[in-house]
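K.L.:
Here it is, the structure, as structure tokens.
The values are calculated or read from the model by the stated rules, or taken from the named source; none is laboratory data. If you're wondering where the values come from, they're calculated on a predicted model, not measured in any experiment. A quick note on method: Cβ atoms are made from the backbone with ideal geometry, for glycine too, and the neighbour counts reach across all protein chains shown. All accessible areas refer to the heavy atoms of the entire protein, side chains included, with ligands and DNA or RNA removed. Shrake-Rupley method; radii C 1.70, N 1.55, O 1.52, S 1.80 Å.
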Amino acid sequence: MLRLQNLTIGYKGNVIATDVSAELQSGKLTCLLGVNGCGKSTLLRTMCGFLPPLGGDVLIGNDNLNALTASEKSRKISIVLTHNEEARGMTVWDVVAMGRSPYTGFWGRLSDEDKRIIKESLDMVGISETENGHSGTSAFINRRITEISDGERQKVMIAKAIAQQTPVILLDEPTAFLDYPSKRRMFGLLTQVARDLNKAILLSTHDIDHAKRFGDLAWMMDEGQLRCSSFEELIAEKPDFFSSKEV
């Protein structure tokens, strides 16, 4: 689905990781681990095309990511960021509807099919149910994104990614700022999305406990290299790292 081939990531004059080769698997939740500053966010931004690779390739099927137009990229990869200033002032419905812009254009008119997909995406993350005492979907989807909790906001952003209907979803620390029960629900939701919709999902996280419990596979950034393995193998190799619940 998505392959990294001899990838070098970083910025001009600052190489963060080299010779990165890996493959995301459909239907799996893959967790990207590593200490602060190791390059997790840089890797995600390179994988979705926000940053150009310093070397090597990001391949989507048989296509090189750098050869695709912005519209083509947006139909193949969606990304959920911890902070999204673009969404400020929008309602919940408006944010999720942005996921349909690769198919309608930013100012495009939503068809009945687009609206159905938006509704199903909201249902998938549980937003159709009563939220925090609000009576049903209509009340909640008309609230502004700045008026809802961090956990609700992350669910909205994931609904947007689902509505975008990309085979690959990348998430940059989606459980940051969430309490323990909300983190558990978020990991459970992402596992369900990966399996039920056959998505290849990669999320960066410092939450080792939930990553071990819910993740299918692990990628670890360490000293400029990327190690891809099962959690069991990585735990055997780096027991000190995994002995902590958060790194």
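K.L.:
Buried (at least 21 other Cβ atoms within 10 Å of the Cβ), more than 28 Å from Glu233 (Cβ to Cβ) and among the polar types (S, T, N, Q): is that true of Ser78 in this structure? First the steps, then the outcome.
P.N.:
Details: buried (at least 21 other Cβ atoms within 10 Å of the Cβ): yes; more than 28 Å from Glu233 (Cβ to Cβ): yes; among the polar types (S, T, N, Q): yes.
Here the answer is yes, as Ser78 does meet what is asked.
K.L.:
Can we say Thr104 is open to solvent by less than 50 Å² (accessible area, probe 1.4 Å) and free of Cβ contacts under 8 Å to residues at least 12 places away in the same chain? Don't jump to the end; show me each part of the working.
P.N.:
Values: open to solvent by less than 50 Å² (accessible area, probe 1.4 Å): yes; free of Cβ contacts under 8 Å to residues at least 12 places away in the same chain: yes.
Criteria met by Thr104.
K.L.:
While we're here: Taking only the range 207-246 into account, find how many residues are farther than 19 Å from Met47 by Cα and surrounded by 18 or more Cβ atoms within 10 Å (Cβ to Cβ).
P.N.:
Total meeting the criteria: 9.
K.L.:
Just to be sure I understand, how many residues within the range 1-55 are of a type in the set (Lys, Arg) and open to solvent by less than 30 Å² (accessible area, probe 1.4 Å)? Explain how you work it out, then say what you get.
P.N.:
At the first step, the residues of the range 1-55 found to be of a type in the set (Lys, Arg) are 3, 12, 28, 40, 45.
From what's left, open to solvent by less than 30 Å² (accessible area, probe 1.4 Å): 40.
Of the residues in the range 1-55, 1 are of a type in the set (Lys, Arg) and open to solvent by less than 30 Å² (accessible area, probe 1.4 Å).
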